[in-house]
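Take a look at the structure set out below.
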Amino acid sequence: MRHGKKVNHLGRTDSHRKAMLANMASSLIQHKRITTTLAKAKALRGYVEPLLTKSKNDTTHSRRTVFSYLQDKDTVNILFREVAEKIANRPGGYTRIVKLENRLGDNAEMAIIELVDYNTVYGKDAEAKTEKKSTRRRGGASKAKAAAPAAEKAAAPVAAEETVETAPVAEAAPAVEETAPAAEETPSTEAPAADDKEENAEKGE
């Protein structure tokens, strides 16, 4: 029985298993995604993630430690230069395992293991979700902005009506001024008539 034994030897000797995992880890770091069986993917995840964490501290000691596992200088350079920058702000969980259909030959469970930060599909979905959330949060502000132009449009006809109402009043004022001289002219016509009566009275005397 296998009580308390969590290591999957994958049907290989210890040296064979370590060499296989080192090669798979190098392929994952170089290509950012590999397809393998589900059991190997799970074993590789526990093997490569401590190395990814180690790469965040770019020192000679860290490079030598990682090289002792991978045994590949080019892979170590890619890990410390490119991958370390991508995963700098991620506190663990650097890999993702996605199950596939079973293999046709032996019906083995297949899976894809990939570096999370290099998957552009999931990254776009995350950005789209954040944008939707941001638009929902700004909904109140957008409604207020939309209400402001509506209020301005409603105020504009009122101002136009006021101008239309005041325009006839302005025209009526000159009409009053025109009638005022007419009233002044009537006394002038009556005044000569009074003068004529006085003259006739004097002549009569």
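For (1) under 34 Å from the mean Cα position of the chain (by Cα); (2) of a type in the set (Gly, Ala, Ser); (3) surrounded by 14 or more Cβ atoms within 10 Å (Cβ to Cβ), each residue gets a yes or a no:
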{"residue": "His31", "(1), (2), (3)": "yes, no, no"}
{"residue": "Leu44", "(1), (2), (3)": "no, no, yes"}
{"residue": "Leu52", "(1), (2), (3)": "yes, no, yes"}
{"residue": "Lys99", "(1), (2), (3)": "yes, no, no"}
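Of (1) among the polar types (S, T, N, Q); (2) outside any strand (DSSP E or B); (3) open to solvent by 80 Å² or more (accessible area, probe 1.4 Å); (4) within 22 Å of Ile112 (Cβ to Cβ), Ser26 satisfies all except one. Which?
With respect to (1) among the polar types (S, T, N, Q); (2) outside any strand (DSSP E or B); (3) open to solvent by 80 Å² or more (accessible area, probe 1.4 Å); (4) within 22 Å of Ile112 (Cβ to Cβ), Ser26 is out only on (3).
Considering (1) under 30 Å from Ser26 (Cβ atoms); (2) modelled with pLDDT under 60, say which one Gln71 fails and leave the rest.
In the conditions (1) under 30 Å from Ser26 (Cβ atoms); (2) modelled with pLDDT under 60, Gln71 misses (2) alone.
Using the structure shown, decide if Thr75 is in a helix (DSSP H, G or I) and of a type outside the set (Gly, Ala, Ser).
yes
Leu21 is checked against (1) in contact with a strand residue (DSSP E or B) (Cβ under 9 Å, 6 or more places away or on another chain); (2) open to solvent by less than 100 Å² (accessible area, probe 1.4 Å) and fails just one. What number does that condition carry?
(1)
Only residues that are open to solvent by 50 Å² or more (accessible area, probe 1.4 Å), without any contact (Cβ under 8 Å) to a residue 24 or more places away in the chain and closer than 15 Å to Asp58 by Cβ: list them for segment 74-97, please.
Listed by number, the residues that qualify are Asn77, Arg81, Glu82, Glu85.
The values are calculated or read from the model by the stated rules, or taken from the named source; none is laboratory data. None of the values given here were measured: they were computed from a predicted structure. Glycine gets a Cβ as well: all are built from the backbone with ideal geometry, and neighbour counts include every protein chain shown. These accessible areas exclude ligands, DNA and RNA; they are computed on the full protein's heavy atoms, side chains included. Shrake-Rupley method; radii C 1.70, N 1.55, O 1.52, S 1.80 Å.
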